[in-house]
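Peer 1: Before anything else, here's the structure in question.
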Amino acid sequence: MIYMDNSATSPTLEEIFKEMQPYYEKKFGNASTLYKMGLEAKKAIEKSRKQVANLINAEPQEIIFTSGGTESDNWAIKGIALKELKKATSENKRNHIITSQIEHPAVLESCKFLETLGFEITYLPVYTNGIIKIEDLEKAIKKETILITIMNSNNEIGTIQPTKEIGKIANKYNITFHSDAVQSIGKIPVDVKKDNIDLLSISSHKIYGPKGIGALFIKKGTKLEKFMHGGGQENGKRSGTENIPAIVGFGKACEIAKRDLKQNMEHNQEIRDQLTKKILTRIPESFVNGDLVKRLPNNIHFRFSGIEGEALILRLEEKGLCAATGSACSSEKLEASHVLTALGIDPALAHGSLRLSIGIENSIDEVDEIVNDIDEVVKTLRNMSPLWDSINNEYIELDESVFTE
């Protein structure tokens, strides 16, 4: 099997699992207790907090552990909104949030929920390259704006947003800036201080750590409503007995990600660029979704005219290649990706997409086999498709009036 779906999840490294194992078996104490075993657990948490902070250039006390990226996104957005809601008066009501059309569902659904509470949300457009324009962001700002929430990089097409410029704008207007960096950490440098980020969502299982653990970076001085109420763990900000083994694994994953960042970037980009060159050269009517340069080094997102993506994924799996059409969080939905339609891609063509996300377990030697498999499956599906002219090797655009007359 060739696994190329690391944007969905990554395997836990043996080095990381070994670090976690004692906290399941012998060092299983509750960090809230005062005896030796509990103090050992507390010490392990604080070590991991430093490891996570070091990866993003934060202070350890600014890292709060969560159950993962979805919780971190929810907490960041709702926490800021609910804090403002408590302060609101009829004369002074700050209830405006700016986001983009291609955010992760955890961000978009949180924003939709806040709309039911009377918040106004501006969804910035992206363009054919999948990137917002800074001038659009600045024009959208109002005196009521309390939060800008724009992802660092996209989970489907891998495009990288101008985070540093967004941070400057947010700082200029004294607006809290939240960014979802779940796909970015361990793939590209992320620096919360240089980028003027107030809130940052990160997750463990995208960087070879365990599932069910993540963190929210909360810049010192940033005020937001608590998301979990209870016994006062995590400095009173996020109650609940800590998942010590997962926290330990997450910390180790961040340590390794920082240590190996440069070589992993080079490794991933070499494979990505070879896949891109060979597929675009070999398969007619194949395209790359999103910007060719401003994208994660481990992500390449193709579109093939005349085929259906779900069939492509299933047939590739039969050949031993694991890949995706888009976000793993939305893989059971049949409608076209909201990310691709936001790029202006026709829904019928958006369905013919393939995301390959590279990891450290992949090698350059796999490229030809991957390209051969994709080429063969695409040809098979096109021969079966009413939307493909096999003689002229081109996509057939349907006349939609046939269905409306």
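The values are calculated or read from the model by the stated rules, or taken from the named source; none is laboratory data. In this text the structure is predicted, and so the values were computed from the model without any measurement. Here the Cβ is made from the backbone with ideal geometry for all residues, glycine too, and neighbour counts use every protein chain on show. Side chains are part of the model used for accessible areas, which takes the heavy atoms of the whole protein and leaves out ligands, DNA and RNA. Shrake-Rupley method; radii C 1.70, N 1.55, O 1.52, S 1.80 Å.
Peer 1: Treating the stretch 111-232 as a set of equal point scatterers at the Cα positions, no solvent, please give the Debye-formula log₁₀ I(q)/I(0) at q = 0.09, 0.10, 0.23 Å⁻¹.
Peer 2: Values returned for q = 0.09, 0.10, 0.23 Å⁻¹ are -0.27, -0.34, -1.53.
Peer 1: As I understand it, the dipole of the chain uses +1 on the Cβ of Lys and Arg and -1 on the Cβ of Asp and Glu, about the Cα centre. Which of 132, 212, 393 lies farthest toward its positive end?
Peer 2: 212
Peer 1: Continuing with this model, one more query. Three principal axis extents, largest first, for the C-alpha atoms of the stretch 77-125, in Å?
Peer 2: The Cα atoms of the stretch 77-125 stretch 33, 18, 15 Å along their principal axes.
Peer 1: Still on this structure: Taking the mean number of other Cβ atoms within 10 Å as a proxy for protection, how do you rank 68-78, 164-174 from highest to lowest?
Peer 2: The most tightly packed comes first, giving 68-78, 164-174.
Peer 1: Pull out the extension gain between residue 392 and residue 35, defined as 0.36 nm times the separation in residues minus the alpha carbon to alpha carbon distance; nm, one decimal.
Peer 2: So the extension gain works out to 120.9 nm.
Peer 1: Sticking with this structure for a sec: Would you kindly calculate the translational diffusion coefficient of the stretch 38-138, applying Stokes-Einstein with the Kirkwood radius from alpha carbon pairs, for 4 °C and a viscosity of 1.567 mPa s, and quote it in µm² s⁻¹ without decimals?
Peer 2: Values: Rh = 16.2 Å.
Reported coefficient: 80 µm²/s.
Peer 1: To the nearest 20 Debye, how big is the dipole of the chain about its Cα centre, given +1 on the beta carbon of each Lys and Arg and -1 on that of each Asp and Glu?
Peer 2: Roughly 2580 debye for the chain.
Peer 1: In addition: Starting from the Cα-Cα distance between residue 168 and residue 270, subtract it from 0.36 nm times their residue separation and give me the gain in nm to one decimal.
Peer 2: Full extension of this stretch gives 33.5 nm more.
Peer 1: Would you mind checking the pairs 78/237; 168/294; 26/50 and listing those with alpha carbons more than 21 angstrom apart?
Peer 2: As for pairs spanning more than 21 Å Cα to Cα, those are 26/50.
Peer 1: Once the dipole of the stretch 271-325 is set up with Lys and Arg at +1 and Asp and Glu at -1 on Cβ about the Cα centre, which of 320, 271, 299 lies farthest towards its positive end?
Peer 2: Among 320, 271, 299, the one farthest towards the positive end of the dipole of the stretch 271-325 is 271.
Peer 1: Please work out the average accessible area per residue across the chain, using the 1.4 Å probe convention, and give it in Å².
Peer 2: I get 46 Å² per residue for this part.
Peer 1: Still on this model: In whole angstrom, and with the biggest value first, how far do the Cα coordinates of the stretch 258-360 range along each principal axis?
Peer 2: Largest first, the stretch 258-360 extends 41, 26, 25 Å along its Cα principal axes.
Peer 1: A follow-up question, please. Run the 1.4 Å probe and let me know the accessible area of residue 227, rounded to the nearest 10 Å².
Peer 2: 70 Å²
Peer 1: Got a sec? Charge dipole of the chain, +1 on Cβ for Lys and Arg, -1 for Asp and Glu; which of 32, 183, 173 is way out at the positive end?
Peer 2: Selected residue: 32.
Peer 1: When we measure straight from the Cα of residue 319, which lysines land under 29 angstrom away, once same-chain ones fewer than 8 places off are left out?
Peer 2: Partners within reach: 187, 206, 211, 277, 278, 333, 379.
Peer 1: Where the centre of each part is set by its Cα atoms, how far does the stretch 361-391 sit from the stretch 142-206, in angstrom?
Peer 2: Between the Cα centre of the stretch 361-391 and that of the stretch 142-206, the gap is 36 Å.
Peer 1: Another question, then. Can you list the aspartates and glutamates whose alpha carbon sits under 16 Å from that of residue 83, skipping same-chain ones fewer than 8 residues off?
Peer 2: Result set, ordered by chain and number: 73, 115, 120, 144, 198, 225.
Peer 1: Using θ = phi - 60° and the Karplus curve 6.51 cos²θ - 1.76 cosθ + 1.60, what whole-Hz ³J(HN,Hα) does each residue of the stretch 293-302 get, with Gly and Pro shown as x?
Peer 2: With coefficients 6.51, -1.76 and 1.60, one gets 10, 7, 9, 4, x, 9, 10, 9, 10, 9 Hz.
Peer 1: Short version: ³J(HN,Hα) in whole Hz for each residue of the stretch 268-282, in order, from phi by Karplus 6.51 cos²θ - 1.76 cosθ + 1.60 (θ = phi - 60°), x for Gly and Pro, what are they?
Peer 2: 5, 5, 4, 5, 4, 5, 5, 4, 4, 4, 6, 6, 5, 6, 8
Peer 1: Using each residue's phi in the stretch 368-385, evaluate 6.51 cos²θ - 1.76 cosθ + 1.60 at θ = phi - 60° and report the 3J(HN,Hα) Karplus result to the nearest Hz, with x for Gly and Pro.
Peer 2: 4, 5, 4, 4, 4, 5, 5, 4, 5, 5, 4, 4, 4, 5, 5, 5, 9, 8
Peer 1: If the viscosity is 0.692 mPa s and the temperature 37 °C, what Stokes-Einstein diffusion coefficient in µm²/s follows for the stretch 152-219 when Rh is the Kirkwood radius over Cα pairs?
Peer 2: It diffuses with D of about 265 µm²/s by this estimate.
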